[in-house]
1. Scan region 83-99 residue by residue and report those that are surrounded by fewer than 17 Cβ atoms within 10 Å (Cβ to Cβ) and more than 15 Å from the chain's Cα centre (by Cα).
2. Let me confirm something: among 138, 148, which residue is outside any helix (DSSP H, G or I) and within 14 Å of the chain's Cα centre (by Cα)?
3. For residue 61, which of the numbered conditions (1) in contact with a strand residue (DSSP E or B) (Cβ under 7 Å, 6 or more places away or on another chain); (2) closer than 28 Å to residue 166 by Cβ; (3) crowded, with 21+ Cβ neighbours inside 10 Å fails to hold?
4. Kindly indicate the residue of region 100-129 that is assigned to a loop (DSSP other than H, G, I, E, B) and either over 26 Å from residue 150 (Cβ atoms) or over 11 Å from the mean Cα position of the chain (by Cα) (or both) and also modelled with the lowest pLDDT among those meeting that condition.
5. If you take the residues of region 163-204 that are touching a strand residue (DSSP E or B) at 6+ places or on another chain (Cβ under 7 Å) and in a loop (DSSP other than H, G, I, E, B), which of them is modelled with the lowest pLDDT?
6. What are the pairs, 6+ residues apart or on separate chains, where a residue within region 128-145 that is at positive phi has its Cβ under 7 Å from a residue that is crowded, with 21+ Cβ neighbours inside 10 Å and part of a strand (DSSP E or B)?
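The values are calculated or read from the model by the stated rules, or taken from the named source; none is laboratory data. Values in this document were obtained by computation on a predicted structure and should not be read as measured data. A quick note on method: Cβ atoms are made from the backbone with ideal geometry, for glycine too, and the neighbour counts reach across all protein chains shown.
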């Protein structure tokens with residue numbers, strides 16, 4: 001497994017971050033009120049009450065705040081500096097400014113929430129990033145991930161890079177990251193009314209008791 005992102009991976013991610021740097025306020029405003037309570041509940045069913053949760057790529061901190069209000073100890077990070085400022089205000093605590101490649105926690109979290117965030121990681125870097133998140137989980141910990149439903153990696157007209165996954169694509173990714181087992185997966189519609197025709201692949205992965 002290659003732990004060094006390719007030059008193309010850096011370019012794709014930098015292009016994506018530039019978009020969010022320039023549109024952080026609008027993006028946070030348009031997504032903060034979305035109701036993902038049902039999905040959060042499915043995730044939290046695998047996390048001990050008052051456990052430690054990492055919101056990886058937290059955006060506006062919508063979900064991190066919900067976890068905090070539910071009694072969980074929350075750590076959150078995002079790669080977009082303006083987003084980190086907004087998220088820190090929303091969450092009422094400092095949010096870390098870091099990328100997925102900077103995740104070097106070891107068996108610290110009962111659950112990791114990566115909602116609509118890993119989809120911006122270059123496809124050839126996803127196995128390495130997934131392994132970093134696995135390492136940050138305690139044995140038996142749960143990782144929630146979501147991707148736009150599809151089979152391609154692409155650059156949108158606004159400059160953002162996306163990796164789309166379907167069920168076979170997720171299985172192929174997990175085959176490259178031992179120690180994570182697929183607990184459940186399901187498809188949902190986008191919660192934004194203007195994008196209700198778009199589908200998302202959701203999955204909960206569990207770290208094996210013997211995984212390192």
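1. 85, 89, 92, 93, 94
2. 148
3. All conditions are met except number (2).
4. If we take residues in region 100-129 being assigned to a loop (DSSP other than H, G, I, E, B) and either over 26 Å from residue 150 (Cβ atoms) or over 11 Å from the mean Cα position of the chain (by Cα) (or both), then 122 is modelled with the lowest pLDDT.
5. 196
6. 140/207
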